[in-house]
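For reference, the structure discussed in these notes is given below.
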Ligand SMILES: Nc1ncnc2c1ncn2[C@@H]1O[C@H](COP(=O)(O)OP(=O)(O)OP(=O)(O)O)[C@@H](O)[C@H]1O
Ligand code: SF4
Ligand SMILES: [Mg+2]
């Protein structure tokens, strides 16, 4: 049975004067309604570019998008622009990191949410206003009947993020893409917003793609995790299994560098050495090899010459890793956890 959202061999390539930037290079994943997929990876790994493709945001640009993105059986890449517009905001909605830049400073918060509603509904002013107030109340804005007429700058950061969520959910979308939705917020507000998203997800049975740098957030929110490196999935599977039995060195590095996941206070945070590769000229073989501390355990020059496929590791069919190591579990337990 095909999943509610199925992304198959998605590629987003940007031709530039210096060559082709392969921002997304053969990404496949699936997501059911009511479930959350966390996408993690360092800056520039292709998280936003990939998820923007689902909303058709590369249309009309020089980007070359290929592969398939099927939502409830419909291939979104084959839709006409009119069909895509009808779907955007209604079936699929996006919550961005910084609501201040995503909201227009000269229109009231209420007007902007109302606009998002009226694009997809033939509703009168009164009915729309009622619906907007309902949504503001649902996302926890106090005195929504008054605050509806405030401008974005009159809202706190947390309230703006709530308003943004109200705007994204007002049309009851089946899929919500949340791109770093809480990065700009302090920890307490972050937790409230994540709680809110979970509550609304349960209520509306929404599928959520949650893009984040923070594996702690993933641990709280996501059913499955997809770890991206240089435009590709390098590990993909159930969150619990990935957090406790990660199967490849890049994920080991991510986990060791996240404060919220390092339970033992004496355990030191270890940043991943080096920087992500250029997507114009990624290294041959495994693109992580220049930074990988475990490549000496792979025989010959495989890591330097052959791109590993995304295949099951030691944890069964549902947990995939892109790495040549043959016994990752033993290496992780012996050399990473114990060190
Ligand atoms: N229009 C474009 N033309 C050329 N390259 C682009 C374009 N848009 C994005 N890229 C490149 O694609 C790569 C992936 O970008 P993307 O925004 O998806 O990263 P990200 O994983 O979301 O990073 P961050 O965590 O910083 O948000 C980057 O190297 C970026 O420079
Ligand atoms: S394939 Fe080789 S270089 Fe890449 S992560 Fe695995 S061990 Fe490291
Ligand atoms: Mg991004």
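Odds and ends about this structure:
- Of all residues in the stretch 301-314 being at pLDDT below 95 and in a loop (DSSP other than H, G, I, E, B), the one that is surrounded by the most Cβ atoms within 10 Å (Cβ to Cβ): 313
Let's see how each residue does on (1) within 16 Å of ligand 2 (Cβ to nearest atom); (2) touching a residue at least 12 places away in the same chain (Cβ under 8 Å); (3) touching a helix residue (DSSP H, G or I) at 6+ places or on another chain (Cβ under 8 Å); (4) in a helix (DSSP H, G or I):
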site	(1), (2), (3), (4)
203	no, no, no, yes
219	no, yes, yes, yes
225	no, yes, yes, no
228	yes, yes, yes, no
253	yes, yes, yes, yes
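- Every condition in (1) more than 16 Å from ligand 1 (Cβ to nearest atom); (2) part of a loop (DSSP other than H, G, I, E, B); (3) out of contact with any helix residue (DSSP H, G or I) (no Cβ under 7 Å at 6 or more places or on another chain) holds for residue 77 except the one numbered (2).
- Within the stretch 41-55, being within 16 Å of residue 27 (Cα to Cα) and away from ligand 2 (no atom under 16 Å from the Cβ) holds for 44, 46, 47, 48, 49, 50, 51, 52, 53, 54, 55.
- The test for being surrounded by fewer than 19 Cβ atoms within 10 Å (Cβ to Cβ) and under 10 Å from residue 166 (Cα atoms) holds for residue 134.
- Single unsatisfied condition, residue 69 versus (1) touching a residue at least 60 places away in the same chain (Cβ under 8 Å); (2) part of a loop (DSSP other than H, G, I, E, B); (3) in contact with a helix residue (DSSP H, G or I) (Cβ under 9 Å, 6 or more places away or on another chain): (2)
- Residues within the stretch 199-216 that are buried (at least 23 other Cβ atoms within 10 Å of the Cβ) and over 14 Å from the mean Cα position of the chain (by Cα), tallied: 0
- Residue match in the stretch 90-113 (condition: at pLDDT below 95, within 16 Å of ligand 3 (Cβ to nearest atom), more than 28 Å from residue 25 (Cα to Cα) and crowded, with 18+ Cβ neighbours inside 10 Å): yes
- Applying the condition of being part of a loop (DSSP other than H, G, I, E, B) and at pLDDT below 75 to the stretch 259-291 and asking which residue is nearest to residue 226 (Cα to Cα) yields 262.
- With respect to (1) in contact (Cβ under 8 Å) with a residue 60 or more places away in the chain; (2) surrounded by 17 or more Cβ atoms within 10 Å (Cβ to Cβ), the lone exception for residue 63 is condition (1).
- Residue within the stretch 10-30 that is under 15 Å from residue 176 (Cα atoms) and either part of a strand (DSSP E or B) or touching a strand residue (DSSP E or B) at 6+ places or on another chain (Cβ under 7 Å) (or both) present: yes
- Any chance residue 150 is free of Cβ contacts under 8 Å to residues at least 40 places away in the same chain, in a loop (DSSP other than H, G, I, E, B) and surrounded by fewer than 21 Cβ atoms within 10 Å (Cβ to Cβ): no
- Matching residues, the stretch 26-47, being buried (at least 21 other Cβ atoms within 10 Å of the Cβ) and within 12 Å of ligand 1 (Cβ to nearest atom): 27, 39, 40, 41, 45, 46, 47
- The stretch 50-60 - residue that is assigned to a loop (DSSP other than H, G, I, E, B) and touching a residue at least 40 places away in the same chain (Cβ under 8 Å) and, of those, farthest from the chain's Cα centre (by Cα): 58
- Lone qualifier among 196, 243, 185 - being assigned to a helix (DSSP H, G or I), at pLDDT below 90 and either crowded, with 23+ Cβ neighbours inside 10 Å or touching a helix residue (DSSP H, G or I) at 6+ places or on another chain (Cβ under 9 Å) (or both): 196
The values are calculated or read from the model by the stated rules, or taken from the named source; none is laboratory data. Everything numeric here is computed off the predicted structure, so don't read it as measured data. Cβ sites come from the backbone with ideal geometry, for glycine too, and all protein chains shown count toward neighbours.
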